[in-house]
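What follows is a single structure, written as structure tokens, with notes after it.
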Amino acid sequence: MVGVYTPGGDASRIAFFGLFALQHRGQESAGIATSDGRSLRVHTDMGLVTQIFREEELYPLAGDMAIGHTRYSTTGSSQECNAQPLLVHGVHGELALGHNGNVVNALDLRRQLRNQWGCNFTTTTDSEVIAYLLANAPGETWEERTQYCQRTLQGAFSVVVLTHDTLIGMRDPLGVRPMCIGRLDSGWVIASETCALDHLGATLLREVEPGETVIVDSKGMTSHKRPGTNGRRALCVFELIYFARPDSVLDDTLVYSSRLQMGAQLAVEHPVDADVVIGIPDSANAAAVGYAQEAGIPYSEGLVKNRYVGRTFIEPDQRLRDLGVQLKFNPLPGVVKGKRVIVVDDSIVRGTTTPHVVSLLRRAGAVEVHMRVCAPPIRHPCHLGVDMATRRELIAANKSIDGIRDFVGADSLGYLSVDGLLKVVQGTSGGFCDACFTGNYPIPVQLEMDKLVLEHSQDPA
């Protein structure tokens with residue numbers, strides 16, 4: 001997601017290029033909302049940013065303020081009504097909102113908002129709950145209303161909000177999902193990752209702090225911290241492993257550097273005699289380089305990725321994941337034929353990709369295939385913004401390491417340990433959520449939550 005305040009500028013086009021830089025965070029739908037100081041305009045659709053926005057879509061989105069969003073569904077199915085930004089009307093007028101994360105008390109709040117405040121919900125997302133809560137929150141100022149939301153919402157929420165004359169960025173008290181703010185000439189940019197600021201030519205000021213709200217209007221930018229925030233942090237460690245782009249800075253650390261160190265630690269924990277190290281492109285390339293450097297084994301590209309196939313991990317259902325994997329990779333026989341190959345991957349979640357990759361490499365002539373994974377075994381679902389579904393779909397929750405090795409067809413399999421992962425990332429300034437590995441959630445959650453809970457609810461949408 002991205003937010004733009006650019007006095008006298010064309011905010012929708014800036015938001016478009018910001019979203020293009022953040023396409024990796026969601027591929028199901030996208031949208032942009034703008035304000036010209038009098039009214040809000042929104043355009044959303046299913047698909048990729050470049051499929052949705054051309055000149056005829058951008059031209060009507062006039063104004064010097066905008067927010068944009070690319071959707072990766074964690075609550076609510078992948079359908080057009082759930083595309084963001086969402087436009088809602090409340091006692092404080094209309095606002096548009098984009099949200100990254102997952103609100104665990106969304107069902108209770110939706111019932112409360114409908115019964116007590118008469119809100120009319122038209123989507124099945126927790127994001128609409130946040131939007132209506134903010135549009136009707138008690139308080140005379142946006143500072144007071146956002147503080148009410150900070151106290152009421154439970155879970156992960158990095159949010160950008162647009163009103164007729166104000167741009168708002170709000171991050172949950174644990175800082176589970178990333179958010180940063182930068183300067184663009186005389187204006188401001190809020191974004192999920194710093195790579196968006198880089199592409200826009202904006203100067204990174206800093207990351208938005210956990211529990212912080214930043215409000216931008218004609219008077220400038222003001223910061224408001226939630227009272228009582230105890231300094232505890234829980235940035236999703238999977239952002240560093242997989243989600244974020246390698247050229248982004250998270251928690252004051254370049255993501256590429258973290259992945260390089262993960263690979264090196266993996267080589268220390270799981271060495272093996274081999275001839276070449278390759279990575280699963282693109283998110284595991286840095287870890288593969290780190291592994292090769294630490295092990296003293298040559299690194300090479302061994303798989304070519306079709307750049308026009310998206311990230312299969314974040315496809316909305318298993319059928320699309322399977323199809324995407326078949327189209328995604330092609331081996332380089334000249335690199336792997338007759339070789340003992342170490343394959344470094346960022347994670348094994350459902351086990352969709354790995355058997356295909358091992359099979360491809362064997363057909364290309366690899367005599368041994370050793371899988372190395374720079375994330376620990378994922379045994380628990382995420383309830384804070386990553387669609388890892390239920391425990392029965394997580395291969396490591398249902399099979400031993402040896403069982404997974406046999407399932408994927410590898411000669412050996414080694415995962416980075418939780419201690420090894422934390423050794424790498426704890427060099428940064430904050431704490432992390434590692435619940436998908438350990439089951440230790442930073443807040444109480446319902447252990448078998450359903451991403452379609454708002455659709456299955458007895459309450460009508």
Within region 204-241, the residues that are among the small types (G, A, S) and under 16 Å from G3 (Cα atoms) are S218, G220, S223
Those residues of region 28-48 which are surrounded by fewer than 18 Cβ atoms within 10 Å (Cβ to Cβ), touching a His at 6+ places or on another chain (Cβ under 8 Å) and in a strand (DSSP E or B) amount to none
Residues of region 175-200 being on the phi > 0 side of the Ramachandran plot and surrounded by fewer than 20 Cβ atoms within 10 Å (Cβ to Cβ), in sequence order, are D185
For region 210-230 the number of residues that are in a loop (DSSP other than H, G, I, E, B) and either of a type in the set (S, T, Y) or crowded, with 18+ Cβ neighbours inside 10 Å (or both) is 5
For region 270-287, pairs from a residue that is over 18 Å from A366 (Cα atoms) and without any contact (Cβ under 8 Å) to a residue 40 or more places away in the chain to a residue that is part of a strand (DSSP E or B) and of a type in the set (G, A, S), with Cβ under 8 Å and 6 or more apart or across chains, are N285/G279
Here the residues within region 240-264 that are among the charged types (D, E, K, R) and at pLDDT 95 or above are R245, D247, R259
The condition of being assigned to a loop (DSSP other than H, G, I, E, B), within 20 Å of the chain's Cα centre (by Cα) and modelled with pLDDT under 95 holds, among P381, P444, P460, only for P381
Here the qualifying pairs (Cβ atoms under 6 Å; residues six or more apart or on different chains; first in region 367-379 and touching a residue at least 12 places away in the same chain (Cβ under 8 Å) and acidic (D, E); second surrounded by fewer than 22 Cβ atoms within 10 Å (Cβ to Cβ) and not in a strand (DSSP E or B)) come out as E368/D411
Taking region 1-27 and keeping only residues that are over 16 Å from the mean Cα position of the chain (by Cα) and assigned to a helix (DSSP H, G or I), one is left with A11, S12, R13, I14, A15, F16, F17
Given the condition out of contact with any Ser or Thr (no Cβ under 9 Å at 6 or more places or on another chain) and surrounded by fewer than 19 Cβ atoms within 10 Å (Cβ to Cβ), answer yes or no: does some residue in region 375-390 qualify?
yes
(message) Kindly evaluate E368 against the criterion of being among the charged types (D, E, K, R), within 23 Å of A287 (Cα to Cα) and not assigned by TED's automatic domain parsing to the domain that holds E28.
(response) yes
Of the conditions (1) aliphatic (A, V, I, L, M); (2) under 30 Å from G302 (Cβ atoms); (3) surrounded by fewer than 24 Cβ atoms within 10 Å (Cβ to Cβ), the single one that A244 does not satisfy is (3)
Does R41 satisfy the criteria of being of a type in the set (D, E, K, R), closer than 14 Å to A96 by Cβ and either more than 22 Å from the chain's Cα centre (by Cα) or not assigned by TED's automatic domain parsing to the domain that holds L167 (or both)?
-> yes
Scanning region 88-123 residue by residue, those charged (D, E, K, R) and more than 27 Å from G37 (Cβ to Cβ) turn out to be D108, R110, R111, R114
By residue number, the members of region 113-141 that are of a type in the set (G, A, S) and surrounded by 22 or more Cβ atoms within 10 Å (Cβ to Cβ) are S127, A131, A135
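The values are calculated or read from the model by the stated rules, or taken from the named source; none is laboratory data. Note that the coordinates shown come from a computational prediction; the quantities given were computed from them, not determined experimentally. Neighbour counts run over all protein chains shown; Cβ positions are idealised from the backbone, glycine included.
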